[in-house]
Amino acid sequence: MEEAVVAKKRMLSGIQPSGDLHLGNYLGAIKNWGARSDTYECFYFMADLHTITVRQTPADLRRRTLEQLAQYIACGLDPEKNTLFVQSHVHQHAELGWVLNCYTMFGELSRMTQFKDKSAKHQENINGGLFTYPALMAADILLYQPDLVPVGHDQKQHCELTRDVAQRFNGIYGDVFKVPEPFIPETGARVMSLNAPETKMSKSIPEGCVFLMERPEDIQRKFKRAITDSDTENCVRFDPENKPGVANLMSIYAAVTGKSFAEIEAEFAGQGYGKFKPVVGDAVIETLRPIREESQRLLKDKAYLESVYRAGAEKASYVAEKTLRKVYKKVGFLAR
Ligand code: TYM
């Protein structure tokens, strides 16, 4: 008997090449991307259209976009199993982004915390793109009809808005979009800054941020200087409310080693922060070492990287065009 062909479920996600990839991007997002590429059809992209909501230096943006592709592959995303592409190479993103702008409410966009944070940080450049960014992100997602969107905790609100926009559109025109679920990992979804554990790790505070391509000695220095607390018990215990710095280091250690918090507490019982911090540093260094080395190797082969993003854009466009055509028809645009 012939086997029925069952369409694979889909996964999709992206990262802005607005800075070098860091441990938060890795643990919150990329680490979970490759794990399912045998059971899911996966699309991952460099979200370059999003980056220009904040001023970029053109040459740096180009360099980082290519480096990010090399790092995706080095993190285990096999281009044979995953469609890897540059967002601006697939024009359907901008096109569906415009359509979805018209189905996303001013009030909804005003409530987005990323907009509030970024407009506070870049008061001289609160542009329209920064405000309507979530409609483009909804387009990025809905074009591919994915089942799952693996992201860190800070993107949950945008994913929820995407679901609302999809449901609103489907409510008017019938089932055009699949309504996707965010996939947020249990550990690593919210990696905090090493030197300010009340704020999330991000490139904007480089001293508290560990970059994937950073030298081991620099990584270790950052971990040794990580803020813990002045708690006299000097004890490695998971208590995010009272010991946010220690809890963050424990979460990072748990995410890179797979150990539970109870196991970590037992491992460092009676040893204090001075012993704990460099061990976490070493574990992170060893996790990142093969990624850094492989990225450096891949970056020497520009022709290969080019072939990957070209093939990726072609595959992505094919899928995206199907959805876009359906949308254009539904809203009443005259066919070409
Ligand atoms: P971006 O580029 O800020 O971050 C990329 C991914 O990394 C995760 N992340 C973190 N996770 C844990 N701890 C942290 N400190 C940390 N910092 C960042 C983010 O949650 C995210 O998963 N709007 C998106 C990019 C995007 C996108 C999309 C994502 C555009 N279109 C479509 C998914 C689907 C963004 O700005 O992420």
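Near Lys329, which lysines are there with a Cα under 18 Å away, not counting those fewer than 8 places off in the same chain?
List returned: Lys178.
Please work out the Cα center distance from the range 298-336 to the range 1-67, rounded to the nearest Å.
14 Å
May I ask for the angle, rounded to the nearest 10°, between helix 156-173 and the longest principal axis of the chain, with both axes built from Cα atoms and the value confined to 0 to 90°?
Taking Cα atoms only, the helix is inclined about 20 degrees.
Looking at the range 13-144, what % of the alpha carbon pairs are farther apart than 17 Å?
Numbers: 5325 of 8646 pairs.
In whole percent, the long-distance tail amounts to 62.
Given that compact globular proteins tend to follow 2.2 N^0.38 Å, what is the ratio of the alpha-carbon Rg of the range 174-242 to that value?
Values: Rg = 17.3 Å, N = 69, 2.2 N^0.38 = 11.0 Å.
Working it through for the range 174-242, the quotient is 1.57.
Just flag the GluC sites (Glu not before Pro) in the range 102-188 sitting in loop per DSSP whose Cβ has no more than 14 other Cβ atoms within 10 Å. Don't jump to the answer; show the numbers that get you there.
Working: sites: Glu108, Glu124, Glu160, Glu186; in loops: Glu186.
Of the GluC sites (Glu not before Pro), the ones in loops of the range 102-188 whose Cβ has at most 14 other Cβ atoms within 10 Å are Glu186.
Which residues' amide hydrogens lie under 5 Å from the amide hydrogen of Thr83, considering only partners 5 or more residues apart or on another chain, with H built in the peptide plane?
Residues meeting the amide H criterion: Cys42, Phe43, Tyr44.
Give, in whole angstrom and from largest to smallest, the semi-axes √(5λ) of the equivalent ellipsoid of the range 85-212, with λ running over the eigenvalues of the Cα gyration tensor. Present the calculation step by step, with values, prior to reporting the outcome.
Working: eigenvalues 152, 64, 39 Å².
Result for the range 85-212: semi-axes of 28, 18, 14 Å.
Please give me the summed charge of the neighbours of Glu41: other residues whose Cβ is under 14 Å from its Cβ, Lys and Arg +1, Asp and Glu -1. Numbers along the way, then the final one.
Numbers: positive: Lys8, Lys9, Arg10, Arg36, Lys81, Lys178, Lys315, Lys322; negative: Asp38, Asp78, Glu80, Asp147.
Net local charge, Glu41 excluded: +4.
Heavy-atom accessible area per residue, the chain, 1.4 Å probe: how many Å²? List each step's numbers first, then the result.
Numbers: 16480 Å² over 336 residues.
Computed with neighbouring chains in place, this is 49 Å² per residue.
With axes computed from alpha carbons, what is the tilt in degrees of helix 244-257 against the longest principal axis of the chain, rounded to the nearest 10 within 0 to 90?
70 degrees
Over the chain, with a Gaussian network built from C-alpha contacts below 10 Å, which listed residue (Asn242, Asn25, Asn82) shows the highest mean-square fluctuation?
Asn242
Taking the convex hull of the Cα atoms, report for the range 261-336 its projected area averaged over all directions, in nm².
Details: hull surface 42.9 nm².
For the range 261-336, the mean projected area of the Cα convex hull comes to 10.7 nm².
Take the cross-link list Lys203/Lys300; Lys116/Lys224; Lys8/Lys315; Lys200/Lys300; Lys81/Lys203 and give me the ones stretching past 21 Å between alpha-carbons. It would help to have the intermediate numbers written out before the result.
Values: Lys203/Lys300 25 Å; Lys116/Lys224 33 Å; Lys8/Lys315 15 Å; Lys200/Lys300 33 Å; Lys81/Lys203 30 Å.
Cα-Cα > 21 Å for Lys203/Lys300; Lys116/Lys224; Lys200/Lys300; Lys81/Lys203; rest within.
Can you work out the base-10 log of I(q)/I(0) for the range 206-297 at q = 0.12, 0.19, 0.22 1/Å, using the Debye formula on its C-alpha atoms alone?
Results for the range 206-297 at q = 0.12, 0.19, 0.22 Å⁻¹ read -0.37, -0.86, -1.10.
With every atom except the alpha carbons ignored, what do you get for Rg and Dmax of the range 272-314, in angstroms?
Cα radius of gyration and Dmax of the range 272-314 are 17.1, 54 Å respectively.
Please report the orientation-averaged projected area of the chain, defined via the convex hull of its C-alpha atoms, in nm².
Values: hull surface 83.0 nm².
Average of the hull's projected areas for the chain equals 20.7 nm².
Which value in deg cm²/dmol, rounded to the nearest 500, describes the helix-derived mean residue ellipticity at 222 nm for the chain, given -39,500 (n - 2.57) per DSSP H run of n ≥ 4 and division by the residue count?
Details: 13 runs with 172 residues, N = 336.
Calculated from helices alone, the mean residue ellipticity at 222 nm is -16500 deg cm²/dmol.
Give, as a single signed number, the net charge of other residues whose beta carbon lies under 15 Å from the beta carbon of Lys326, with Lys and Arg counted +1 and Asp and Glu -1.
Details: positive: Lys178, Lys322, Arg325, Lys329, Lys330, Arg336; negative: Glu95, Asp175, Glu321.
Charge balance near Lys326 sits at +3.
Counting other Cβ atoms within 10 Å, keep those with at most 13, restrict to DSSP loop, and tell me which trypsin sites (Lys or Arg not before Pro) in the range 228-334 are left.
Lys300
Equivalent ellipsoid semi-axes for the range 233-272, as square roots of 5 times the alpha carbon gyration tensor eigenvalues: give them largest first, rounded to whole Å. Kindly include the intermediate steps, with their values, before the conclusion.
Values: eigenvalues 44, 33, 10 Å².
The answer is 15, 13, 7 Å, longest axis first.
The values are calculated or read from the model by the stated rules, or taken from the named source; none is laboratory data. Just so it is clear, the structure is predicted and the values come from calculations on it, not from any experiment. No Cβ is skipped: glycine too gets one built from the backbone with ideal geometry, and neighbour counts run over all protein chains shown. All accessible areas refer to the heavy atoms of the entire protein, side chains included, with ligands and DNA or RNA removed. Shrake-Rupley method; radii C 1.70, N 1.55, O 1.52, S 1.80 Å.
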